[in-house]
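Worksheet: the structure to be examined is printed underneath.
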Amino acid sequence: MPWFNSLINTSGLLETSINSQHVAMNCTIFEAASKLYDSKIHRIALVNENHIPEDIFSQSDFVYLFHKDIDHFSDLVDGPIDGLGVISKPVITISEKKTAMSALEVLTHNQIGAVVVVDKEHKFIDTIAFEDFRGFRRENWLLLERPVLLFKEFCTKRKAISCNEKTNFKEMVSLLVNNNTHQVCVVDDQGKATGIVTLTNIIAYVLSKVQ
């Protein structure tokens, strides 16, 4: 597909960062996304011919670019997500009464990017992810003892996003991109969490279909 042969340095996505993993500035989007997935990382440095980092490419960048040209991938995106293998199960949950520190411990112990916050009936309320702790400052450490939802309200404006297993794949990707988040919770008819779809799931699915 021509889209995957686009050069990374023509994507118009500029950030400054350094990552221990790297690819060349003139690599294709497909090559950079494959490196991200194979290395199990979220961001990768783009280096020039002198191996000096000049930019980064992230999972979010890939999904943003995919979404931008999503109408060119009708054979991949027209269908419900339950039959595409993009839902991670079982879902790991945490009670809304638990603290932010407890959520962080669950994330770290299970080596996952997000945990689903549920009420006493185990119904979906929100998700909390490593991205919600980004930029957290030492002087605010007492916030970690707050209930997880209060912590998130203070630290991030990210909204709670959910869908069901019959949601169209294209619609689900739009939910992620338009809400600038890294995951969407999948719920059943009773509002209980049954799975989660992450940027990693989307990248894995797209790469598997174009290789």
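Listing for the model above:
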item: Residue within region 183-193 that is touching a Pro at 6+ places or on another chain (Cβ under 9 Å) and crowded, with 17+ Cβ neighbours inside 10 Å present; result: no
item: Region 124-140: number of residues that are in contact (Cβ under 8 Å) with a residue 40 or more places away in the chain and surrounded by fewer than 16 Cβ atoms within 10 Å (Cβ to Cβ); result: 0
item: So ILE92, is it surrounded by fewer than 18 Cβ atoms within 10 Å (Cβ to Cβ), farther than 14 Å from ASN201 by Cβ and in the same structural domain as ALA129 (by TED's automatic domain parsing); result: yes
item: Output for region 31-59, where each listed residue is of a type in the set (Ser, Thr, Tyr) and closer than 14 Å to VAL206 by Cβ; result: SER34, TYR37
item: Pairs with Cβ under 9 Å, 6+ apart, first in region 192-211 and assigned to a strand (DSSP E or B), second among the aromatic types (Phe, Trp, Tyr); result: LYS192/PHE124; ALA193/PHE124
item: Any hit, region 133-148, residues being within 20 Å of LEU207 (Cβ to Cβ) and among the charged types (D, E, K, R); result: no
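The values are calculated or read from the model by the stated rules, or taken from the named source; none is laboratory data. On a predicted model such as this, the values are computed, not experimentally measured, just so you know. So basically every Cβ, Gly included, is an ideal-geometry build from the backbone, and we count neighbours across all protein chains shown.
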